[in-house]
1. Of these, D13, D17, which one is loosely packed, with under 14 Cβ neighbours inside 10 Å and either polar (S, T, N, Q) or touching a residue at least 24 places away in the same chain (Cβ under 8 Å) (or both)?
2. From the list R38, R71, R34, exactly one residue is surrounded by 15 or more Cβ atoms within 10 Å (Cβ to Cβ) and without any contact (Cβ under 8 Å) to a residue 40 or more places away in the chain. Which is it?
3. Mind listing whichever residues of the range 49-83 are touching a helix residue (DSSP H, G or I) at 6+ places or on another chain (Cβ under 6 Å) and aromatic (F, W, Y)?
4. In the range 41-61, which residues are of a type in the set (D, E) and either buried (at least 16 other Cβ atoms within 10 Å of the Cβ) or under 18 Å from V23 (Cβ atoms) (or both)?
5. Look through the range 62-92, keep the residues that are part of a loop (DSSP other than H, G, I, E, B) and of a type in the set (K, R), and return whichever of them is nearest to Y22 (Cα to Cα).
6. Can you name the number of the only condition in (1) out of contact with any Phe, Trp or Tyr (no Cβ under 8 Å at 6 or more places or on another chain); (2) modelled with pLDDT under 95; (3) under 29 Å from V87 (Cβ atoms) that L6 fails?
7. Scanning the range 33-61 for residues that are of a type in the set (A, V, I, L, M) and assigned to a strand (DSSP E or B), which turns out farthest from G80 (Cα to Cα)?
Amino acid sequence: MHRVTLGGKGMRDFPEDHEGGYVKLNFPQPDSERPITRTYSVYFQRENEIDIDFVLHGDGGPASRWAVDCRDGETIMVGGPGPKTLVDYQAD
C-alpha cells in the first residue's frame, strides 16, 4: 500500500465530511489524449486535503505507477466525491 495526499488550491471546494466516500482519478497516459479513470475511496480528510491509499500491483498498472512516481506540486484531475456508504454496526 502507498498513501498519497491530494491537496492544494484545487481541493478548496471539496466538501467536508467525505471520509469513506469515493473520488474518480484521471491518470494521464503518455501515448493517448484520453486519461485512464479509476475509482478510489477517501481514506482520510483534512481541510483542503484528502488521503488516498493505492495498492501497488507487481505489474505496475497506471495508477500504481503514478502513485509511486508523483511528487509534490504535480496535478491530477479529481472527480466527485461520490456518496459515502455508512456501515450499520448493529447488523448481523
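The values are calculated or read from the model by the stated rules, or taken from the named source; none is laboratory data. Keep in mind that this is a model prediction, so the values were computed, not measured. Positions of Cβ are generated from backbone atoms using ideal geometry, with glycine treated the same way; all protein chains shown enter the neighbour counts.
1. Numbers: D13 fails: either polar (S, T, N, Q) or touching a residue at least 24 places away in the same chain (Cβ under 8 Å) (or both).
Being loosely packed, with under 14 Cβ neighbours inside 10 Å and either polar (S, T, N, Q) or touching a residue at least 24 places away in the same chain (Cβ under 8 Å) (or both) holds for just one of D13, D17, which is D17.
2. R38
3. Within the range 49-83, F54 is the sole residue that qualifies.
4. Result: E47, E49, D51, D53.
5. So, considering only residues that are part of a loop (DSSP other than H, G, I, E, B) and of a type in the set (K, R), the one nearest to Y22 (Cα to Cα) is K84.
6. The single condition L6 does not satisfy is (2).
7. I36
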